[in-house]
Amino acid sequence: MAGEQSPDQTDPDVGFTLTAAVAEADEVTERAAALSHRIAREVGVLGPAGWRRVEATFAMTAAAEVTLIVFGDDVDRIARVFPSEDLLGLLREHRHLSAQLGDGPWWRYLLSMTSSGHMEVDFDYGDEPFPDDQLFPPTVYRTDLEIYPRERLPVWLAAYVRHGDRQTRSPEAAAEQARVDAAAGRIPVGSAPDEEFPALDPMARRWALIAAAFVAIRSEWGPRISPAFHIFEGSTHHGSTLCLLPGDRAVLSGGIWNAPELDAAYNHSAALPQLYAGAPEWVADPVLNRRAGNGMLTFCYWWEHGRWYRGGSPGADEVAPAVPGMWSTRTVVDLLTGLLGDTATRDQLDALPGLVRAAERAAVAVEAFIAVFPRARYDVDGAWFQLSLAGVAVVRGAGLADETDR
């Protein structure tokens with residue numbers, strides 16, 4: 001009859017299929033939870049007498065493993081122990097199970113536990129870069145991906161295993177490319193001073209003062225000055241370097257670690273931006289940010305003839321998270337005001353604009369600095385070293401040794 005279907009023409013029981021899939025996922029989840037409790041018990045057995053808390057990190061792939069298990073007691077004594085083979089076996093089983101619950105298994109298993117039984121477990125799928133001491137060579141991750149294929153990798157990890165040195169630029173390669181660009185008439189995009197980035201001198205000097213301020217407040221983050229580079233590494237994994245070269249030249253390069261163009265290149269086989277298009281031969285590996293070596297560079301600008309140039313790099317607004325706030329006198333004043341916080345006195349805040357202007361002239365005197373950052377509360381010696389390295393400090397005689405705080 002019209003409208004009737006034979007048994008082999010009927011639609012599959014979608015509801016039954018979905019219910020079965022959910023039930024299977026629930027079963028896997030329960031098995032994984034039970035394994036976590038067994039893992040916790042195995043970790044607890046390893047603890048020394050009197051332990052009160054333990055922090056354990058297990059970084060694992062199919063080809064390599066790194067573990068860190070640290071116990072502590074009530075008087076802050078710590079003891080590191082090493083996992084048993086039984087414990088590692090449970091973790092491998094848990095990781096294998098986790099692959100059935102998402103796009104591949106976890107990379108790091110993080111356990112916090114007290115002796116009273118309170119337990120917290122977190123699974124790290126690489127949403128942010130791993131600590132250096134828990135990062136394996138790229139070949140290790142490639143092996144793991146052969147066993148546990150994934151539809152998509154975190155951008156930083158995709159770059160780490162797939163960059164193929166595409167962003168490196170040896171001096172030889174830089175010279176050859178510069179000749180090719182010149183022959184082809186390829187001209188970089190230029191911008192007048194202060195049109196996007198500040199001119200080189202005020203940029204470098206403001207960077208140095210901001211670095212000194214972060215050192216003064218004893219921050220682990222923020223800009224720093226080295227003999228070769230002005231450095232910025234933010235707490236959000238963005239960063240950059242400014243390399244000053246003879247002849248009024250410089251290179252500003254760095255990366256936004258989760259930039260869409262990196263995701264497109266490493267997860268979807270798109271072409272990387274031509275950051276060095278039209279660059280002179282001296283824009284090469286020794287002056288570039290370290291991100292070029294692992295494929296995570298997203299911008300490169302160079303300064304010559306009194307202006308900034310770029311190839312396929314984005315505009316200044318897009319790279320702002322990866323550079324310190326050296327855009328203007330006002331932005332530096334505002335940034336340092338925030339660093340001083342609510343406890344800053346009126347005298348400190350009143351002296352701040354003068355300190356910024358002195359830095360812009362490369363003429364910071366000790367008196368001007370300690371008016372804003374008194375020695376009693378701040379690391380003045382460390383901050384002054386930053387200013388001295390950058391050449392913006394006025395050094396007299398023994399420097400800070402004979403100065404008294406006000």
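No value in this document is a laboratory result; all are computed from the given coordinates. All figures in this text were calculated on a predicted structure; none of them were measured in a lab. In this analysis, Cβ positions are derived from the backbone assuming ideal geometry, glycine residues included, and neighbour counts consider all displayed protein chains.
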Highest to lowest packing among 313-326, 77-90, scored as the average C-beta count within 10 Å: 313-326, 77-90
Peptide ranges 110-117, 37-44 listed from the most packed, as the mean C-beta count within 10 angstrom indicates: 37-44, 110-117
Sequence-distant residues sharing a close amide H with Ile78 (under 5 Å, placed H): none
Spacing of the two label points (7 Å from each Cα toward its C-beta) at Asp127 and Val75, in nm: 4.0
Other-chain or far-sequence residues with amide H under 5 Å of Arg375's (modelled H): Arg406
³J(HN,Hα) computed for each position of region 140-152 - Karplus, 6.51 cos²θ - 1.76 cosθ + 1.60, integer Hz, glycine/proline x: 5, 5, 4, 4, 5, 5, 5, 7, 10, x, 10, 6, 8
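Give the relative contact order (percent, whole number) for region 22-134; include only Cα pairs under 8 Å separated by 6+ residues.
On the way: 159 pairs, mean separation 30.9, N = 113.
So the answer I get is 27 percent.
Between Arg307 and Val45, what's the calculated FRET efficiency when r is the beta-carbon distance and R0 is 51 Å? Round to 0.05. Intermediate results must be reported in sequence, preceding the final value.
Numbers: r = 66 Å, r/R0 = 1.29.
The value I calculate is 0.20.
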Principal axes of region 22-134: Cα extent on each, largest first, Å: 46, 32, 25
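Tally Lys and Arg at +1 and Asp and Glu at -1 over the other residues with C-beta under 13 Å from the C-beta of Trp257: what net charge comes out?
With Lys, Arg at +1 and Asp, Glu at -1, the neighbours total -3.
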Under the Karplus curve 6.51 cos²θ - 1.76 cosθ + 1.60, θ = phi - 60°, whole-Hz ³J(HN,Hα) for region 253-259, x wherever Gly or Pro sits: 9, x, x, 9, 5, 10, 4
Built amide H within the under 5 Å cut-off of Arg53, gap 5+: Gly72, Ser115
Nearest-20 debye value, region 149-200 charge dipole, Cβ charges on Lys, Arg, Asp, Glu: 400
For region 215-228, 3J(HN,Hα) per residue [Karplus equation, 6.51 cos²θ - 1.76 cosθ + 1.60, θ = phi - 60°, Hz, x = Gly/Pro]: 5, 4, 8, 6, 7, 6, 9, x, x, 9, 10, 10, x, 9
Shape of the chain, Cα gyration tensor, a/c cut at 1.5: oblate
